[in-house]
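Nothing in this text is a laboratory measurement; each read-out follows from the coordinates by a stated rule. Note that the structure is a prediction, hence the values are computed from the model and not measured. All Cβ positions, glycine included, derive from the backbone under ideal geometry; neighbour counts span all protein chains shown.
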């Protein structure tokens with residue numbers, strides 16, 4: 001799959017027209033430039049990183065097709081990312097341990113649930 005095909009997939013997943021995407025990109029970009037990339041007439045664009053950011057997709061995926069398409073969503077919208085990033089290392093380790101404990105507990109709970117018979 002080409003960059004253009006991945007771009008078209010990401011754009012349509014976000015429900016955007018080529019023009020709407022061009023208007024979201026931080027640097028000046030035209031609908032025609034988006035069309036050129038999607039149609040394979042321009043495989044390398046200096047705007048790929050900005051296009052990926054506007055679509056909230058990973059630039060690596062857009063360029064290579066490797067890894068996950070979308071950036072991971074922040075699971076706690078009421079907690080600013082920068083506030084978490086500013087926590088001391090010990091607090092981050094404690095949070096990590098707590099999350100791991102909850103995941104382990106959930107996995108055990110999932111395996112202990114009786115299977116439904118259809």
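Mind jotting down the distance between the C-alpha centroids of the range 90-104 and the range 10-28, whole Å?
Distance between centres, Cα-based: 38 Å.
Suppose R0 equals 22 Å; then what is the FRET efficiency for residue 35 and residue 9 from their Cβ-Cβ distance, rounded to the nearest 0.05?
0.90
What is the distance, in nm, between label points placed 7 Å from the Cα along the Cα-to-Cβ direction at residue 69 and at residue 103?
Modelled inter-label distance: 2.4 nm.
Between residue 60 and residue 92, what length in nm is gained on full extension when 0.36 nm per residue of separation is reduced by their alpha carbon distance?
8.8 nm
Work out, step by step, the length gained on full extension between residue 83 and residue 53: first 0.36 nm times the residue separation, then minus their alpha carbon distance; give nm to one decimal.
Using 0.36 nm per residue and subtracting the Cα-Cα distance, I get 8.6 nm.
Out of [x] 14.0; [y] 17.4; [z] 15.6, which label holds the value of Kirkwood radius over Cα pairs in Å that was computed here?
The value matching this structure is [y].
With the Cα gyration tensor of the range 3-64 giving a ≥ b ≥ c as the square roots of its eigenvalues, does the rule (a/c under 1.5 for rounded; else a/b larger than b/c for prolate; else oblate) give rounded, prolate or oblate?
Rounded.
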